[in-house]
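Undergrad: Would you mind keeping the following structure in view while I ask a few things?
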Amino acid sequence: MKKIFFVVLLLIVSNTFAMDLKQFYKNMYMVRGVDAMPSVENRGFMSNAYAILTKEGWIVIDSLSTPELSKEFYDELMKVKKAPLKYLIITHYHPDHWYGASTFKQAGATVIAHKKLNEFYNSPEAKMTLEASNQRFGGLYKNVKLIPADVEVSDKKDLKVGEYEISIISMTPAHTNNDIVVFVKNEKVLFAGDLVYINRIPFAGDRGASSKNWLKVLNEMKNLNPKIILGGHNEPMDIKAIDFTYNYLEYTRSTVKKLKEQGKSLDEIKAYINQNSPYKNYVMCDVFNDANVYKIYNDLDLEDFE
């Protein structure tokens, strides 16, 4: 009886975290990760990845967090059409967007990312971070091979791939110091990485993050006037998601600043925001909000000297 229960449980877990390729727009596809921190149970499948089928071949945006997941994604794309892998574009260096890159590199893709991703790749910290993440998450990343960018973006790079005109635009610092977005100009489709959310709290605690500049970046993205926005962790969004993200960051910054000026301690500010924030019941607030408050609290001191 116990064996039957265990098998059924495995089937439920496997189905819960199964990869389902969906076409969200003409010639554009996505897989949707779960809203959670990475774990052995969810296979690290906690972010989205995207692909565009052009007349010349596939463009992939973000590679998921392990070679096992990215191989599944690649296999699903090949079921749609066996076409060359032209490009893999990495929106930023976090594991759930970068660590699966080896699959697409081996398939022949040219890898594009921000130049600061390569700076990180070439530092001792990249290997140390991978090893620490692997230990923290129970060997989840044991088969990861870090892949650098073949093409670096420092400001903006335009591509013409088949029928698509694409701008790859640096948006730093914001969520990290190596964020890029991918804008399909002739379709007004924006792949925004982890810069835009709806009804989900962003992570603003990366050491290279800047909530102050993130607000400026959101306005820059709004000026692109996208009709569809694809983020790292949501279903397809529209321009209202930019407002949601902006309003969360602005509320948190202004509240931390006000309470800090009143002489409140960091712990007091965390407690106040956790209790009173209008965003306290949104997805991932319980996971990210303290880290976001901590980073903003410290950044405000540095901003006084700018």
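Undergrad: Taking the range 194-207, which residues are more than 12 Å from Thr245 (Cβ to Cβ) and open to solvent by less than 20 Å² (accessible area, probe 1.4 Å)? If you could, list the steps in order and put the result at the bottom.
TA: Initially, the range 194-207 is screened for residues more than 12 Å from Thr245 (Cβ to Cβ), giving 205-207.
Selection gives Asp206 alone.
Undergrad: Separate question: Please go through the range 254-284 and give me each residue that is touching a residue at least 24 places away in the same chain (Cβ under 8 Å) and not β-branched (Val, Ile, Thr), ordered by number. Break it down into steps so the answer makes sense when it comes.
TA: Taking the range 254-284 first, the residues touching a residue at least 24 places away in the same chain (Cβ under 8 Å) are 256-257, 260, 266, 269-270, 277-279, 282-284.
Passing the criteria: Lys257, Lys260, Leu266, Lys270, Ser277, Pro278, Tyr279, Tyr282, Met284.
Undergrad: Separate question: For the range 81-111, give me the residue count where each residue is over 24 Å from Leu140 (Cβ atoms), surrounded by fewer than 24 Cβ atoms within 10 Å (Cβ to Cβ) and touching a residue at least 60 places away in the same chain (Cβ under 8 Å). Write out each step before concluding.
TA: Narrowing the range 81-111 to residues over 24 Å from Leu140 (Cβ atoms): 81-87, 108, 110.
Still in the running and surrounded by fewer than 24 Cβ atoms within 10 Å (Cβ to Cβ): 81-86, 108, 110.
From what is left, the residues that are touching a residue at least 60 places away in the same chain (Cβ under 8 Å) are 86.
Going through the range 81-111 one residue at a time, the tally reaches 1.
Undergrad: Being among the acidic types (Asp, Glu), open to solvent by 60 Å² or more (accessible area, probe 1.4 Å), closer than 30 Å to Leu159 by Cβ and not in a helix (DSSP H, G or I) is true for just one of Glu235, Glu187. Which residue is that?
TA: On the way: Glu187 fails: open to solvent by 60 Å² or more (accessible area, probe 1.4 Å).
Being among the acidic types (Asp, Glu), open to solvent by 60 Å² or more (accessible area, probe 1.4 Å), closer than 30 Å to Leu159 by Cβ and not in a helix (DSSP H, G or I) holds for just one of Glu235, Glu187, which is Glu235.
Undergrad: Within the range 99-116, which residues are part of a helix (DSSP H, G or I), touching a strand residue (DSSP E or B) at 6+ places or on another chain (Cβ under 8 Å) and closer than 23 Å to Leu190 by Cα? It would help to see each step written out before you state the result.
TA: Looking only at the range 99-116, we keep the residues that are part of a helix (DSSP H, G or I), and these are 101-106, 115-116.
Still in the list and also touching a strand residue (DSSP E or B) at 6+ places or on another chain (Cβ under 8 Å): 101, 104-105, 115.
Ala101, Phe104, Lys115 - these are the residues of the range 99-116 that are part of a helix (DSSP H, G or I), touching a strand residue (DSSP E or B) at 6+ places or on another chain (Cβ under 8 Å) and closer than 23 Å to Leu190 by Cα.
Undergrad: Here's a follow-up. Has the range 293-306 got at least one residue that is in contact (Cβ under 8 Å) with a residue 12 or more places away in the chain, open to solvent by 10 Å² or more (accessible area, probe 1.4 Å), within 24 Å of Asp35 (Cα to Cα) and in contact with a helix residue (DSSP H, G or I) (Cβ under 9 Å, 6 or more places away or on another chain)?
TA: As a first pass, look at the range 293-306 and keep what is in contact (Cβ under 8 Å) with a residue 12 or more places away in the chain: 293-297, 299-300, 303.
Narrowing the set further to residues that are open to solvent by 10 Å² or more (accessible area, probe 1.4 Å) leaves 294-295, 297, 299-300, 303.
With within 24 Å of Asp35 (Cα to Cα) added as a condition, the list becomes 294-295.
Add one more test, that the residue is in contact with a helix residue (DSSP H, G or I) (Cβ under 9 Å, 6 or more places away or on another chain), and what stays is 294-295.
Looking through the range 293-306, at least one residue is in contact (Cβ under 8 Å) with a residue 12 or more places away in the chain, open to solvent by 10 Å² or more (accessible area, probe 1.4 Å), within 24 Å of Asp35 (Cα to Cα) and in contact with a helix residue (DSSP H, G or I) (Cβ under 9 Å, 6 or more places away or on another chain).
Okay, residues lined up against (1) within 22 Å of Val111 (Cα to Cα); (2) modelled with pLDDT of 70 or more; (3) surrounded by 13 or more Cβ atoms within 10 Å (Cβ to Cβ):
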residue: Ile4; (1), (2), (3): no, no, no
residue: Tyr25; (1), (2), (3): no, yes, yes
residue: Val31; (1), (2), (3): yes, yes, yes
residue: Asp35; (1), (2), (3): no, yes, yes
residue: Gly44; (1), (2), (3): yes, yes, yes
residue: Thr54; (1), (2), (3): yes, yes, yes
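Undergrad: Can you name every residue in the range 267-287 that is within 28 Å of Asn234 (Cα to Cα), assigned to a helix (DSSP H, G or I) and either open to solvent by 50 Å² or more (accessible area, probe 1.4 Å) or not β-branched (Val, Ile, Thr) (or both)?
TA: So the first thing to find is which residues in the range 267-287 are within 28 Å of Asn234 (Cα to Cα), and the list is 270-287.
Right, trim to assigned to a helix (DSSP H, G or I) and you get 270-276, 285-287.
Once the filter is applied, which keeps residues that are within 28 Å of Asn234 (Cα to Cα), assigned to a helix (DSSP H, G or I) and either open to solvent by 50 Å² or more (accessible area, probe 1.4 Å) or not β-branched (Val, Ile, Thr) (or both), the range 267-287 yields Lys270, Ala271, Tyr272, Asn274, Gln275, Asn276, Cys285, Asp286, Val287.
Undergrad: Six or more apart or on different chains, Cβ atoms under 7 Å: show the pairs whose first residue is in the range 240-253 and in a helix (DSSP H, G or I) and whose second is of a type in the set (Lys, Arg) and open to solvent by 40 Å² or more (accessible area, probe 1.4 Å).
TA: Matching pairs, first to second residue: Ile242/Lys222.
Undergrad: Let me ask something additional. Of the residues Lys216, Lys264, Lys258, only one is surrounded by fewer than 19 Cβ atoms within 10 Å (Cβ to Cβ) and within 21 Å of the chain's Cα centre (by Cα); which? Write out each step before concluding.
TA: Numbers: Lys264 fails: within 21 Å of the chain's Cα centre (by Cα); Lys258 fails: within 21 Å of the chain's Cα centre (by Cα).
Going through Lys216, Lys264, Lys258 in turn, the sole match is Lys216.
Undergrad: I would also like to ask the following. Name the single residue that is most open to solvent (accessible area, probe 1.4 Å) among those in the range 149-168 being part of a loop (DSSP other than H, G, I, E, B) and not polar (S, T, N, Q).
TA: Taking the range 149-168 first, the residues part of a loop (DSSP other than H, G, I, E, B) are 149-150, 154-155, 162-163.
Subset that is not polar (S, T, N, Q): 149-150, 155, 162-163.
Working: Ala149: 12, Asp150: 80, Asp155: 108, Gly162: 17, Glu163: 57 Å².
It comes out as Asp155.
Undergrad: Separate question: Give me a count of the residues in the range 60-94 that are assigned to a strand (DSSP E or B) and either farther than 19 Å from Val182 by Cβ or in contact with a Gly (Cβ under 7 Å, 6 or more places away or on another chain) (or both).
TA: From the range 60-94, those assigned to a strand (DSSP E or B) are 60-61, 85-89; that's our starting set.
Going one step further and asking which of them are either farther than 19 Å from Val182 by Cβ or in contact with a Gly (Cβ under 7 Å, 6 or more places away or on another chain) (or both), we end up with 85-86.
Adding up the residues that qualify gives 2.
The values are calculated or read from the model by the stated rules, or taken from the named source; none is laboratory data. Predicted model only: the values in this text are computed from it and were never measured. Positions of Cβ are backbone-derived with ideal geometry, glycine not excepted, and every protein chain shown enters the neighbour counts. When the accessible area is computed, the model is the full protein with side chains, heavy atoms only, and any ligands, DNA or RNA have been set aside. Shrake-Rupley method; radii C 1.70, N 1.55, O 1.52, S 1.80 Å.
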